[in-house]
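Step one of this worksheet: look at the structure below.
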Amino acid sequence: MVNSMLFQVVAKTAVGAAIALALGMLVSPVFGWGFFSVFLLVQMASHLGYFLRLEAWSRNPSPDRDLDGDGIWHEIFSRLIRHERQLHADIARRDQDLKQVAAAGQAIVDGIVTLDSGNRIGWCNRTAERLLGIDLKVDRGLPIANLVRQPEFVSYLAAGDYSRPLRMSIERQEDRVLSVHVLPYAGNERLLQVRDVTDIERLDHMRRDFVANVSHELRTPLTVLSGFVETLRELDLEPDEQARYLGMMFDQSVRMQQIVQDLLTLSTLESSPPPPERDRINMSALLANVKRDAEVLSGGRHHISLQIEAGDIYGSESELHSAFGNLATNAVRYTPDGGQISLYWKTEGEQSIYSVTDNGVGIDPKHIPRLTERFYRADLGRSRETGGTGLGLAIVKHALSRHQAVLDITSNRGEGSCFKAVFPAARRAA
Amino acid sequence: MNESTHVSKQFDEDLFGLRTHVLEMGGLVESQIRAAVGAYASGETGVVKDIVESDHRVNAYEKIIDDETVTVIAKRQPTASDLRLVMGITKIVTDLERIGDEAKKIAKGARRVHEHGLPSLPRAADVRHVAEEAVTMLRDSLDCFARLDASKAAAVIHADAKVDSEFKATVRQLITYMMEDPRTISTALDIIWICRSIERIGDHAKNVAEHVIYIAEGRDIRHTGKEA
């Protein structure tokens with residue numbers, strides 16, 4: 001190929017030069033050699049011109065720039081342009097691929113950071129930027145430990161044991177928990193996977209609490225019960241002593257029954273179909289019932305008033321009865337003798353509101369956000385003493401939320417409390 | 001800045017390692033303050049012991065970094081921006097070490113307040129708020145150091161005024177409590193010491209930011225008022 005081109009050039013030049021020489025010789029030898037030289041010079045100049053063109057083009061090679069020539073130059077130039085075009089297409093395709101990989105990285109829900117062998121940041125997606133406080137534009141190439149500086153993370157990274165992820169709280173956002181995991185790949189490269197596990201952590205915590213609480217709540221009466229059974233079996237007791245013990249055992253078994261009953265109520269609320277949308281509840285009858293129950297529990301120790309200003313609503317009568325009843329009995333339990341409890345059924349704008357206001361012991365505001373958690377108790381001793389199961393408000397909240405209603409609690413220590421169930425306009429009976 | 005490579009690759013590694021150590025130390029100090037303020041706000045004083053003990057680690061970092069700076073200066077005779085970086089680091093380390101000491105003081109103060117103090121003093125919200133500002137300042141100043149970002153450092157320096165004024169407001173409030181009821185004095189004094197430590201942390205964070213500006217731009221803006 002090269003040889004044939006070389007041959008072409010040499011042959012063309014030789015033949016041309018020979019013709020020039022021969023034509024010149026017809027006039028005189030001086031003319032002959034003159035023609036010969038001029039021909040070679042012209043040849044030379046033409047090659048030089050093409051060479052200059054190539055030189056200029058090679059400074060900024062592009063398939064679109066004009067590069068054309070004759071003869072062998074034409075062949076060389078078109079080959080170069082073809083090669084250049086191929087190269088451009090390859091690069092474009094690779095760019096596309098890279099872009100797609102980067103887009104896939106962005107689409108991943110977790111945060112992803114690629115690290116080199118020195119733990120320097122190579123690339124990261126936006127989730128990682130947000131969670132770890134990285135700004136890829138400025139931070140590329142910085143060791144990640146310079147920006148994520150929590151001692152536990154630094155030692156995790158340094159220890160080199162990446163078999164399990166690390167859980168850590170983020171300094172940049174209060175109360176968020178991250179799970180970070182280093183995954184080695186391609187030799188020395190590492191992938192840092194970051195996941196926001198705050199919600200999972202919270203759920204885990206609640207579940208653990210719940211199981212522990214159920215066991216604890218059931219164990220306490222059970223211990224008492226088995227203690228008494230043992231006493232009755234081992235000792236020969238007087239009949240009235242025996243009757244007293246049996247009475248206490250009965251109380252404990254009632255307590256356990258209550259807890260189990262409340263747990264069942266809760267799980268029924270969780271699993272049953274939504275409450276009916278078009279069943280009218282006779283509110284005045286229901287509230288009168290609630291008031292009567294509260295009076296029975298109070299035994300005349302409190303002043304209980306009922307005021308009805310709003311109309312009926314749609315929903316499940318049994319669920320609302322248990323919710324309203326729970327709120328009223330809570331007020332009775334936590335209000336000292338002689339206290340005032342008012343039940344109020346009213347309308348405010350489009351909403352219907354059931355409120356229970358007492359002037360009892362009140363609740364420290366710091367407990368309010370957690371009051372409706374199962375078995376959460378603001379005051380452990382008092383709650384059990386008064387016969388609470390720790391599930392009442394959980395049931396209330398659940399029953400209300402099934403009616404799209406919200407529970408609103410305002411209280412301060414020593415200033416009494418106000419529990420409000422706020423129903424949306426959609427629940428109002430026409 | 002400093003990212004330009006040197007003929008000796010080892011020199012780059014040394015400088016990078018030095019910076020990383022400073023930032024690790026900063027991270028440790030940061031988590032100490034967080035834990036101390038958390039202990040104060042929540043009353044869970046069990047962590048106080050850990051905080052006091054982890055101060056050894058801060059001190060160990062200080063010694064390691066000082067050794068490393070001496071080695072770098074002796075072996076490499078750094079010039080220009082490298083010299084500024086090394087000098088800046090020695091100063092930043094001093095500030096970080098002091099912040100660690102303040103964290104220790106806050107932790108101990110928290111224990112005193114919760115074990116002997118009067119529960120009637122309102123104490124959590126304000127102090128926590130000021131502490132949050134100071135910790136943010138420290139975090140931002142360390143971020144600036146990691147990125148050698150002088151403009152962000154200037155913002156940190158301005159934030160110090162806010163911490164100072166909030167500190168003064170808290171002190172004024174506590175004084176009114178002390179005047180109303182002399183029994184609150186000892187607890188209020190403890191709380192004031194805690195606030196004082198927080199305010200000092202703000203000052204040290206500001207110093208760190210000033211050193212960052214020095215490292216990044218070669219301007220020494222200490223004691224020059226509001227030029228930053």
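The values are calculated or read from the model by the stated rules, or taken from the named source; none is laboratory data. Quick caveat, the model's predicted, so the values are computed rather than measured. Counting neighbours? That spans all protein chains shown, and the Cβs are built from the backbone with ideal geometry, glycine included.
Look at segment A:321-374 and say how many of its residues are within 36 Å of the chain's Cα centre (by Cα), part of a loop (DSSP other than H, G, I, E, B) and under 26 Å from A:VAL296 (Cβ atoms). The number of residues fulfilling the criteria is 4.
Take the residues of segment A:20-45 that are free of Cβ contacts under 8 Å to residues at least 12 places away in the same chain and within 29 Å of A:GLY69 (Cα to Cα): which is farthest from the chain's Cα centre (by Cα)? So the residue we want is A:ALA22. Criterion first (in contact with a Lys or Arg (Cβ under 8 Å, 6 or more places away or on another chain), under 28 Å from B:ALA146 (Cβ atoms), buried (at least 16 other Cβ atoms within 10 Å of the Cβ) and not acidic (Asp, Glu)) does A:ASN119 satisfy it? Here the answer is yes, as A:ASN119 does meet what is asked. Which condition from (1) part of a helix (DSSP H, G or I); (2) at pLDDT below 85; (3) not charged (D, E, K, R) is the one that A:LEU54 breaks? (2) is the only condition that A:LEU54 fails. The number of residues in segment A:109-157 being of a type in the set (Phe, Trp, Tyr) and within 14 Å of chain B (Cβ to nearest Cβ) comes to 2.
Here B:PRO182 clears all of (1) away from chain A (no Cβ under 14 Å); (2) surrounded by fewer than 16 Cβ atoms within 10 Å (Cβ to Cβ); (3) within 17 Å of B:ALA35 (Cα to Cα); (4) not acidic (Asp, Glu) except the condition numbered (3). A:GLU129 - would you say it is among the charged types (D, E, K, R), part of a helix (DSSP H, G or I) and buried (at least 16 other Cβ atoms within 10 Å of the Cβ)? Yes. All told, A:ARG195 meets the bar of being basic (Lys, Arg) and touching an Asp or Glu at 6+ places or on another chain (Cβ under 9 Å). A:PRO275 meets the conditions (1) surrounded by 14 or more Cβ atoms within 10 Å (Cβ to Cβ); (2) at pLDDT 85 or above; (3) in contact with a Ser or Thr (Cβ under 8 Å, 6 or more places away or on another chain) in every case but one. The failed one is (2). As for segment A:97-113, it holds no residue that is closer than 12 Å to A:ARG190 by Cα and either in contact with a His (Cβ under 7 Å, 6 or more places away or on another chain) or free of Cβ contacts under 8 Å to residues at least 60 places away in the same chain (or both). Here the condition is being over 30 Å from A:GLY141 (Cα atoms), surrounded by 16 or more Cβ atoms within 10 Å (Cβ to Cβ) and either under 46 Å from the mean Cα position of the chain (by Cα) or of a type in the set (D, E, K, R) (or both); of A:VAL224, A:VAL194, A:VAL211, it holds for A:VAL224 alone. Filter segment B:32-75 down to residues that are facing chain A (nearest Cβ under 9 Å) and farther than 20 Å from B:ALA209 by Cβ and give me whichever is surrounded by the fewest Cβ atoms within 10 Å (Cβ to Cβ). Among those residues, the one meeting the criterion is B:ARG57.
Looking for something surrounded by fewer than 17 Cβ atoms within 10 Å (Cβ to Cβ) and over 17 Å from A:VAL290 (Cβ atoms) - is there at least one such residue anywhere in segment A:339-346? No, because not a single residue in segment A:339-346 is surrounded by fewer than 17 Cβ atoms within 10 Å (Cβ to Cβ) and over 17 Å from A:VAL290 (Cβ atoms). In the set B:ALA146, B:ALA155, B:ALA150, only one residue is over 20 Å from B:ILE194 (Cβ atoms) and away from every other protein chain (no Cβ under 14 Å); that residue is B:ALA155. Scanning segment A:175-202 for residues that are within 21 Å of A:SER155 (Cα to Cα) and without any contact (Cβ under 8 Å) to a residue 12 or more places away in the chain gives a single hit, A:TYR185.
Summed over segment A:99-119, residues that are in a helix (DSSP H, G or I) and under 28 Å from B:PHE16 (Cβ atoms) total 2. Please verify whether segment B:148-161 includes one or more residues that are within 30 Å of B:LEU15 (Cα to Cα) and among the β-branched types (Val, Ile, Thr). Yes, segment B:148-161 has at least one match. What pairs can you find where one residue is in segment A:234-257 and more than 24 Å from A:GLU217 (Cβ to Cβ), the other is β-branched (Val, Ile, Thr), and their Cβ atoms are less than 9 Å apart, with a gap of 6+ or different chains? So the pair list comes out as A:LEU237/A:THR231.
Here B:TYR40, B:TYR61 are screened, and the one residue that is of a type in the set (Ser, Thr, Tyr), farther than 21 Å from A:PHE153 by Cβ and at pLDDT below 90 is B:TYR40. Only residues that are over 18 Å from B:GLN32 (Cα atoms), crowded, with 24+ Cβ neighbours inside 10 Å and in contact with a Leu (Cβ under 9 Å, 6 or more places away or on another chain) were counted in segment B:192-228, giving 2. Of the residues making up segment B:167-209, those that are acidic (Asp, Glu) and closer than 14 Å to B:VAL127 by Cα are B:ASP190, B:GLU199.
Within segment A:159-205, how many residues are more than 14 Å from chain B (Cβ to nearest Cβ) and part of a helix (DSSP H, G or I)? Selection size over segment A:159-205: 8.
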